[in-house]
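The block underneath contains the structure these notes are about, expressed in structure tokens.
The values are calculated or read from the model by the stated rules, or taken from the named source; none is laboratory data. Note that the coordinates shown come from a computational prediction; the quantities given were computed from them, not determined experimentally. Cβ coordinates were reconstructed from backbone atoms using ideal geometry, including for glycine residues, and neighbour counts include every protein chain displayed. The area values use the complete protein model at the heavy-atom level, side chains included, leaving out ligands, DNA and RNA. Shrake-Rupley method; radii C 1.70, N 1.55, O 1.52, S 1.80 Å.
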Amino acid sequence: MKAIVIDRPGEFALRTVADPRPGPREVIVRVDHCGVCGTDLHVVEGNFASTRYPLVPGHELAGEIVAVGPEVSAWKVGDRVVADPSFQCGLCRQCRLGQDNLCDHFGGTGLTLDGGCAEFVRVAQDKAFRVPDGMPAAWATLAEPLACALRGLDRLPRHAGSSYLVYGAGTMGLLLAQLAARGGASRVDVVDVHERRRADAKRFAADAAVASADELDRGAWDVVIDATGVPAAIADGLGRVVRGGTFLQFGVAPQDAAVTVSPARLAADEITILGSMGIRGTFGRALDLLARGDVIAADEMVTHQFPLDAYADALAAVRSGAGIKVQVTPSGVPAGKDGVA
Ligand SMILES: [Zn+2]
Ligand SMILES: [Zn+2]
């Protein structure tokens, strides 16, 4: 099969490699669509801590089952599935506590195991989820980032009528803003430095989308979410949490980034600071939400599709922030299918 292989940080090529064979409880999926995101930039550049090379990237994958292992009971050839890429060891203290997104040996398909930027990929049977009937295949890969966004919202106290301020209107910020808006927020405001992204935020969910929160005639918000990972944005956001409110760190910041907080204010104002990591029990719910069709603007979120041999162009599109969700189509689904130009 054809696959993108990262040989070492910064070096990748389209190669012909051996077709994967299913283990006893694994299925082989023909990859029709695979999302590309900021995490893939880290994987390619060698900034994703647990990655070992060579590696086939791609952790937002959907397609059709073409082979099943001898002990697979839940699936048959021809089923359309999307994969939860998370790997957990099941044995460490965190896994045994049911906190499997915090596994000591955290990894995943396209992160530490060969992923979906290939014609075929191995998926454990319990990590495959059925694509609902009628859902365009291109939407299904949104289940992975949406599952991460749901994990973030699961961390928050849920009070209808709360105000939200979201930093960042990339894929994740747009998903978080849509979930907050549809979940009973009194208002959702979004901060992003890019004009086009602000327009996306306004169209999908935001009451206001601004380059700086200073432009908004409002002192503080009940919930402030960072979906940028940029220290300056995080520091700004921490200062805009209302007394008794909550800050959620969702964006991935550089390992050595640091932000100053005021302990006096944390105590006096009873500010809660939370983090969110990956997916925990949210993948099926993400698919259910996508299947409704009117909660998440999936049809407008997939803006770019590239053939597998244009993987470098897909990465460049992510890096430039030109679109929202970027995909590769390893099985040669023609561009333009599923309403994508
Ligand atoms: Zn991703
Ligand atoms: Zn574990």
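Model label points for ARG182 and ASP214, set 7 angstrom from Cα along the Cα-to-Cβ axis, are 3.6 nm apart.
Treat each spin label as a single point 7 Å out from the Cα along the C-beta direction, and report the ALA316 to TYR53 distance in nm. Those two pseudo-labels are separated by 2.0 nm. Using the 1.4 Å probe convention, the accessible area of the chain works out to 44 Å² per residue with neighbouring protein chains retained. Per-residue packing, averaged as other Cβ atoms within 10 Å, sorts the ranges 180-188, 57-65 into the order 57-65, 180-188, beginning with the highest.
Test of understanding: in a Gaussian network model of the chain with alpha carbons linked when under 10 Å, which of TYR53, TYR164, TYR311 would top the mean-square fluctuation ranking? Per the Cα network of the chain with a 10 Å cutoff, TYR53 tops the list. Relative protection proxy for 284-295, 249-260, from highest mean packing down: 284-295, 249-260 (other beta-carbon atoms within 10 angstrom). Once the Cα-Cα distance is subtracted from the 0.36 nm per residue extended length, the LEU41 to ASP104 segment shows a gain of 20.4 nm. Within segment 146-282, the ratio Rg/Rh, alpha carbon atoms throughout and Rh by Kirkwood, equals 0.93. Cβ-Cβ distance of HIS159 and ARG285, R₀ of 25 Å, FRET efficiency by 1/(1 + (r/R0)^6): the value works out to about 0.80.
Per the Debye formula on identical point scatterers at the alpha carbon atoms of the chain, with no solvent, log10 I(q)/I(0) at q = 0.10, 0.13, 0.15 Å⁻¹ is -0.58, -0.98, -1.29. Taking Cα centre as origin and charging only the Cβ of basic (Lys, Arg, +1) and acidic (Asp, Glu, -1) residues, the dipole magnitude of segment 1-106 rounds to 240 debye. Charge dipole of the chain (Cα centre as origin; +1 on each Lys and Arg Cβ, -1 on each Asp and Glu Cβ, all else neutral): 500 debye, rounded to the nearest 20.
In nanometres, what is the gap between the two model label sites at VAL77 and ASP269, each 7 Å from Cα along Cα-to-Cβ? Taking the simple label geometry, VAL77 and ASP269 are separated by 6.1 nm.
With the highest mean first, a sort of the peptides 34-44, 238-248, 211-221 on other beta-carbon atoms found within 10 angstrom per residue produces 34-44, 238-248, 211-221. Surface composition of the chain: carbon and sulfur make up 51 percent of the accessible area, probe 1.4 Å.
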